[in-house]
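Have a look at the structure below, then the notes.
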């Protein structure tokens, strides 16, 4: 395995997000740049900003965040660390959740809330347009058509370039697509949680990006992962990320961390090349 400090996100290959945003297929999820329960400030703000700067140095040009991370903390840190942004950096953020307290997440897909959330994200991120804005979760109390329609209005106003969805099934994707083009889906997906397999195949066929959240969860429980990691002189996390990258060309993993060393380890997973037998074995193992 190559030195984790020298492998860059470019080793994962690229994907054209929305047809006009070329991103390396190893992104960064900024949820954990916050306090416990994804609430409040991180224990070390300067380290959090170092992580973001190092991610960009390592070729990461897709950073995923949300107004609910902190809340608002993650977006502010991104702006503090990286603004003015590199020309090729895509910051994808999300709206559609309220945060009553640490570890608590309440859907809020009301059009008025989504407008306020989007405009708040624009201000915190110091952007005139959010390149990818995602509905964080459908709200069972609000028609999905109304939530997506609100995002379409913001897109028509130039505040959003592309619209994505998170935590959806295929029926919900199709409902949204009848209203406006969708460029990405972000669902929980990892070696031990494959519920979104059919949706990944849809994304691949329709040239949508699939952003798996929780991408490395469960890796520590799989003996097969440890064995393959040892064979490559790699870590279990790197094995899982490498497997995700070969699962589908639509896949853009967004592992997150508050540690520079862990970030470098994650990105280096883009340079790990699994054998066909290893890929098949990982794909069979649950």
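The values are calculated or read from the model by the stated rules, or taken from the named source; none is laboratory data. The structure displayed is predicted, hence computed values, not measured ones. When we count neighbours, we look across all protein chains shown, and the Cβ atoms used for this are built from the backbone with ideal geometry, even at glycine.
Which ones in segment 59-71 are in a loop (DSSP other than H, G, I, E, B) and either at negative phi or surrounded by 19 or more Cβ atoms within 10 Å (Cβ to Cβ) (or both)?
Within segment 59-71, 60, 61, 65, 66, 67, 68, 69, 71 meet the criteria.
Take residue 226 and tell me if it is at pLDDT below 95, over 19 Å from the mean Cα position of the chain (by Cα) and over 30 Å from residue 56 (Cβ atoms).
For residue 226, the condition - at pLDDT below 95, over 19 Å from the mean Cα position of the chain (by Cα) and over 30 Å from residue 56 (Cβ atoms) - is met.
In segment 126-145, which residues are buried (at least 20 other Cβ atoms within 10 Å of the Cβ) and touching a strand residue (DSSP E or B) at 6+ places or on another chain (Cβ under 6 Å)?
Passing the criteria: 130, 131, 132, 133, 134, 135, 136, 137, 139.
With (1) without any contact (Cβ under 8 Å) to a residue 60 or more places away in the chain; (2) crowded, with 17+ Cβ neighbours inside 10 Å as the list, and residue 46 as the residue in question, which single condition is left unmet?
(2)
From (1) crowded, with 18+ Cβ neighbours inside 10 Å; (2) modelled with pLDDT of 95 or more, pick out the condition that doesn't hold for residue 14.
All conditions pass for residue 14, except number (1).
Name the residue, out of 115, 76, that is touching a helix residue (DSSP H, G or I) at 6+ places or on another chain (Cβ under 7 Å), touching a residue at least 40 places away in the same chain (Cβ under 8 Å), farther than 25 Å from residue 268 by Cβ and part of a helix (DSSP H, G or I).
76
Can you run down the residue pairs with Cβ atoms below 6 Å, 6 or more apart or on separate chains, where the first is in segment 83-104 and in contact (Cβ under 8 Å) with a residue 12 or more places away in the chain and at positive phi and the partner is surrounded by 17 or more Cβ atoms within 10 Å (Cβ to Cβ) and in a loop (DSSP other than H, G, I, E, B)?
Pairs that qualify, where the first residue is in contact (Cβ under 8 Å) with a residue 12 or more places away in the chain and at positive phi and the partner is surrounded by 17 or more Cβ atoms within 10 Å (Cβ to Cβ) and in a loop (DSSP other than H, G, I, E, B), are 96/109; 96/136; 96/137.
Can you pull out the residues in segment 136-180 that are without any contact (Cβ under 8 Å) to a residue 24 or more places away in the chain, under 21 Å from residue 122 (Cβ atoms) and part of a loop (DSSP other than H, G, I, E, B)?
Within segment 136-180, just 157 meets the criteria.
Counting just the residues of segment 220-258 that are touching a helix residue (DSSP H, G or I) at 6+ places or on another chain (Cβ under 7 Å) and in a loop (DSSP other than H, G, I, E, B), which one comes out surrounded by the most Cβ atoms within 10 Å (Cβ to Cβ)?
Checked segment 220-258; the qualifying residue surrounded by the most Cβ atoms within 10 Å (Cβ to Cβ) is 253.
How about segment 198-215: which of its residues are touching a residue at least 40 places away in the same chain (Cβ under 8 Å) and either surrounded by 21 or more Cβ atoms within 10 Å (Cβ to Cβ) or more than 20 Å from residue 63 (Cβ to Cβ) (or both)?
Matches in segment 198-215: 200, 201, 203, 204, 207, 208, 209, 210, 211, 212, 215.
For the condition surrounded by fewer than 19 Cβ atoms within 10 Å (Cβ to Cβ), in contact with a strand residue (DSSP E or B) (Cβ under 8 Å, 6 or more places away or on another chain) and closer than 21 Å to residue 266 by Cα, what is the one hit in 6, 22? Spell out the reasoning first.
Working: 6 fails: in contact with a strand residue (DSSP E or B) (Cβ under 8 Å, 6 or more places away or on another chain).
Of 6, 22, the one residue that is surrounded by fewer than 19 Cβ atoms within 10 Å (Cβ to Cβ), in contact with a strand residue (DSSP E or B) (Cβ under 8 Å, 6 or more places away or on another chain) and closer than 21 Å to residue 266 by Cα is 22.
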